[in-house]
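*Asks:* Please see the structure below; I have some questions.
Please treat every number below as a calculation from the coordinates, not as lab data. Only a predicted model underlies this, so the values are computations on that prediction, with no experimental measurement involved. In this analysis, Cβ positions are derived from the backbone assuming ideal geometry, glycine residues included, and neighbour counts consider all displayed protein chains.
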Amino acid sequence: MLPMSVRDNLSFAALGRLSRWGIVDAAAEREAVAEMVRLLAIRTDGTGVPAGALSGGNQQKLVIGKWLMMKPRILLLNDPTRGIDVGTKQEMYQLLRELVEAGAAILFYSTDYDELVGCCDRVLVMYDGAIRRELVGAEITERALVSSALNIGADVSARPMSAVAT
Amino acid sequence: MSGDWAYRLREHRGTLLAFGGFVAMFAIYATNHPAGLNANVATTAANKGVLLAIVAMAQTLVVLTSGIDLSVGMVMVLANCLASTIVVGSPLTTTLGVLGVLFVGALCGAINGLVVIYGRLQPIVTTIATGAIFYGAALALRRVPGGDVDASLADALTGQLAGAVPASLALLLGLVVVVWLPFRRSSIGRAAYAVGSSEVAAYMSGVPIRRAKFLAYLLSGLLASVAGLFLTCITYSGEASAANGNTYTLYSIAAVVLGGVSLFGGSGSAIGAIFGALMFRTIGDLLFVFNVEPLWQPLFQGIVLFAAVCLGSARLLRVRNRLDLYG
Amino acid sequence: MAEAPARTRDAGDAFGNGFGRVRRQIDPAIAWAFGCIALVLIVGSFYSKSFLSPEYLLQQLKVASFLGVIATGMMIVILLGQIDLSVPWVVAVGGMMATAATGWGTLGGIMAIPVGIGCGVALGLVNGVGVAFLRIPSMVVTLAVNAIAQGLMVVHTGGFSPQDASSPAMRFLATGDTLLGIPNALVVWGVVGVAAVFLLTRTTFGRTVYAIGNRERAAYLSGARTRMVVMSAFAISGGLSAFGGVLLAGYASKAAQAMGDPYLLPAIAAVVLGGTSILGGRGSYLGTVAGVILITLLQSILSVMQMEEFGRHVTYGVVIIAMLLIYGRGRKHSE
């Protein structure tokens, strides 16, 4: 919601938590927002600035921040780093890792192999609407990913989920 | 080639539904009319229907570009008042009068277009304001109802051809052939659809947005003035009635929706709007035919209008993903 | 997930505290609106000495109150990105039902105002359901509801002018002056206004309204109960329109056919002139207040100037366009 301020965007999903009987607790909101900005290292000239003034990467952080304000235990992300510059991507990965360390479960969808290799503990590869392979830990290599995605039973170190008819 | 037909059918679904709806309504009307379906009954019905249909056509052109014209009714009223003043006298002055009315209508449309395009104001507010201006002009021409119109012209337009077919239908057909079809087929017409569909995409594709919008508003004003002229022929006088203007504006929107034209722009056809208008008028007449007490007629008309727009806008049934509703 | 790391008071907190409240720039639209008000007052004083007198101004504010109440409802709906064209006859319903209730005996007299408002809320709910749940464009739904309301009132009055009188309470609210000579109607508008501002700025409802106006899809995806909010907004608008009708009936001591017709376009114009974007998502109530006062003064200056009726309409339209050209323009494609 680009014309709205950074603060409004961040607090929107969590308004229920931040308000009593429908009335927003402005002080609590300010604190929570400031904290999130700090946590995600969102670069902005203050929280009253319209979201449209931020860079793409920071806007993406806003969206993630919005959901983090709900203090979720499970986070579902769809291509979270698409279109973001490299530096911010690294910050994002760092953040996701920290969240996981703190006990969250994160499920994300991505088509960026480098990202998957560098970031994930487990990868489920889908082909033609079904999960075909699960790669864990060291098995996650670019080669394994590509071949699984193309449904070639090539790499010996991958364990197929089931016999796949081609 | 069967796939081609299926696609064509789906694309024109709105128009076809409007056509079917109208045929059904009219059949009920004709069979139940106390006087039966004779030429005079048909002509009276046609005259009222065609009047709304022309205004609906005008509205369609603007709605296609994802705009709205809340001043069509007032342009019609202005044309009505003007016509009652200048469309009189000798055949020469009558013809000049007609041209004058059409010119003023086009001018009104042009004003709308210019403000929307170059002023970059929203159509809804713009046309509310210009509607007030046009109404003021109408009032200046006809502070009290009065005036006259050339009798032979009026008779020609509101009478019958060859003793059977209402002349107004011929007028409507003429407008479709001369205004709508060329517009629809031309590249500018297609540009208008593109603009209504997605102005951003149209801009990126180099579509002549401004020309398309301008033409749409211009033609809308022109058609509205034809409606005003026709109204003068029916009533033989000019009246600056704000109520009438507002009514026709609102009914034109209803007709457009009934005719399968999307209020968001980019799809639909003026032909659908015409059938929507005719259907709408017929429904009103149905109440009369079934002897509904005059007192209850406005209420029934309102309920019918409500049901009709619910059906006409029922995107709910066609949408697979709930998220599309919020797009 | 674990809690966010323990909060520490550090420079980061300055973000929220520092920039939010300080230096809120005046919306240019509001500035222009108030500027025009001043202009109209000055021009008016040339035509009539008493134009600037306190009595006259207070009278103007009283008249403006009726429009103000109606425009408040309209503003909330416009903020959503929708529109409410059912105002004309919902206003009439409010007035007529309230006066009718008065005729039902003493209980009726007490309940007159709530009955009037309640009818408006009911009609507003119909609008709301149509827009929020059936996804019908608001323009069409509200038009249809307007037609239905008209039909209902025609049946109710039998086609004649309504004869019922207003209750004493209605007249008191609309015409009385308590509190240091300030018209009650103005107080009523003030109360409505304060409630509206509170609703819009301090509640989740208000935040959601602005969010929906900005991008409904995003609001929906963020978990907001968009449909309930939209429906409620229309219900509020209906209630406020009807309340306006109740006040009008109190002012005139009775209701009248088509009493709401002169309030639709001015209500929309007032909201838009006050800087609220017709597309939704942007606007502040102060602007609407300015818009209402401006429109009211404009109408009265035109009658003071004894301009013929046609001139009034033309001026009206020209002023709206002119003001919007100054501060209501959209963005160029290249931006």
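*Asks:* So for segment B:7-94, what are the equivalent ellipsoid semi-axes in whole Å, largest first, each being the square root of 5 times an eigenvalue of the Cα gyration tensor?
*Replies:* 29, 25, 11
*Asks:* Same structure, new question: Relative to the longest principal Cα axis of chain A, at what angle does helix A:26-40 sit, 0 to 90 degrees, rounded to 10?
*Replies:* The angle comes out at about 40 degrees.
*Asks:* Then there's this: Tell me, what is a quarter of the convex hull surface for the C-alpha atoms of chain A, in nm² with one decimal?
*Replies:* 11.5
*Asks:* Taking the Cα atoms only, what angle lies between the long axis of helix A:56-68 and the longest principal axis of chain A, rounded to 10 degrees?
*Replies:* 80
*Asks:* Counting only Cα atoms, I'd like the Rg/Rh figure for segment B:137-200, Kirkwood definition for Rh.
*Replies:* The Rg/Rh ratio comes out at 1.21.
*Asks:* Separate question: So which aspartates and glutamates can residue C:62 reach, going by Cα to Cα under 18 Å and dropping same-chain residues fewer than 8 places off?
*Replies:* C:177
*Asks:* Also: If you filter segment B:145-199 for trypsin sites (Lys or Arg not before Pro), then keep DSSP loop positions with at most 11 other Cβ within 10 Å, what is left?
*Replies:* none
*Asks:* Give me the distance in nm between label points sitting 7 Å out from Cα along the Cα-to-Cβ direction at residue B:38 and residue B:290, one decimal.
*Replies:* 2.6
*Asks:* For segment C:92-212, what does the alpha-carbon gyration tensor say about shape, rounded, prolate or oblate, given a ≥ b ≥ c as the root eigenvalues, a/c under 1.5 as rounded, and a/b over b/c as prolate?
*Replies:* Verdict is oblate for segment C:92-212.
*Asks:* Right, here's the next one. Segment B:15-314: D in µm²/s via Stokes-Einstein (Kirkwood Rh, Cα pairs, 20 °C, 1.002 mPa s)?
*Replies:* Diffusion coefficient, whole number: 111 µm²/s.
*Asks:* In addition: Compute the distance from the alpha-carbon center of segment A:76-130 to that of segment B:1-72, in whole Å.
*Replies:* Spelled out, the Cα-based centre of one part sits 55 Å from the other.
*Asks:* Ok, one more. Given just the C-alpha atoms of segment B:26-159, how large is their convex hull per residue in cubic angstrom?
*Replies:* Spread over its residues, the Cα hull of segment B:26-159 gives 133 Å³ apiece.
*Asks:* Is segment A:22-75 best put as rounded, prolate or oblate by its Cα gyration tensor, with a ≥ b ≥ c the root eigenvalues, rounded for a/c under 1.5, and otherwise prolate when a/b is larger than b/c, oblate when not?
*Replies:* Cα axes put segment A:22-75 in the oblate bin.
*Asks:* Next question. Among the lysines, select those whose C-alpha is under 28 Å from the C-alpha of residue A:71, and discard any that sit fewer than 8 residues away in the same chain.
*Replies:* Of all the lysines, those that pass the test against residue A:71 - Cα under 28 Å, at least 8 places apart if same chain - are A:61, A:89.
*Asks:* In terms of Cα to Cα distance under 12 Å, which aspartates and glutamates are near enough to residue B:48, apart from those fewer than 8 places away along the same chain?
*Replies:* Within reach: B:285.
*Asks:* Measuring from label point to label point, each 7 Å out along Cα→Cβ, what is the residue B:152 to residue C:318 span in nm?
*Replies:* Result: 4.1 nm between the two label points.
*Asks:* Give me the angle, in degrees from 0 to 90, between the Cα long axis of helix A:86-101 and the longest principal axis of the Cα atoms of chain A, rounded to the nearest 10.
*Replies:* Tilt of helix A:86-101: around 90 degrees.
*Asks:* Using every Cα-Cα pair within segment B:210-295, state what percent have a distance larger than 21 Å.
*Replies:* Summing the P(r) of segment B:210-295 above 21 Å gives 43 percent of all pairs.
*Asks:* What does segment C:35-113 give for Rg and for Dmax, in Å, if only its C-alpha atoms count?
*Replies:* Gyration radius and largest Cα-Cα distance of segment C:35-113: 18.1, 50 Å.
*Asks:* Cα gyration tensor of segment C:185-335, axes a ≥ b ≥ c as square roots of the eigenvalues: rounded (a/c below 1.5), prolate (a/b > b/c) or oblate?
*Replies:* Since a/c reaches 1.5 but b/c is at least a/b, the shape of segment C:185-335 is classed as oblate.
*Asks:* I've got another one for you. So if I take the centroid of the Cα atoms in segment C:112-173 and the same for segment C:23-63, what is the distance between those two points in Å?
*Replies:* Computed from Cα coordinates, the inter-centre distance equals 32 Å.
*Asks:* Another one. Could you give the semi-axes, largest first, of the ellipsoid that matches segment B:153-312, computed as the square roots of 5 times the alpha carbon gyration tensor eigenvalues and rounded to whole Å?
*Replies:* They are 31, 22, 14 Å, listed largest first.
*Asks:* For chain C, what is the convex hull (Cα atoms) projected area averaged across all directions, in square nanometres?
*Replies:* 22.5
*Asks:* Could you give the distance between the Cα centres of segment C:261-278 and segment B:121-144, to the whole Å?
*Replies:* A separation of 16 Å, based on Cα centres.
*Asks:* How long are the semi-axes of the ellipsoid equivalent to the protein assembly as shown, from square roots of 5 times the Cα gyration tensor eigenvalues, in whole Å, largest first?
*Replies:* Semi-axes, largest first: 51, 37, 25 Å.
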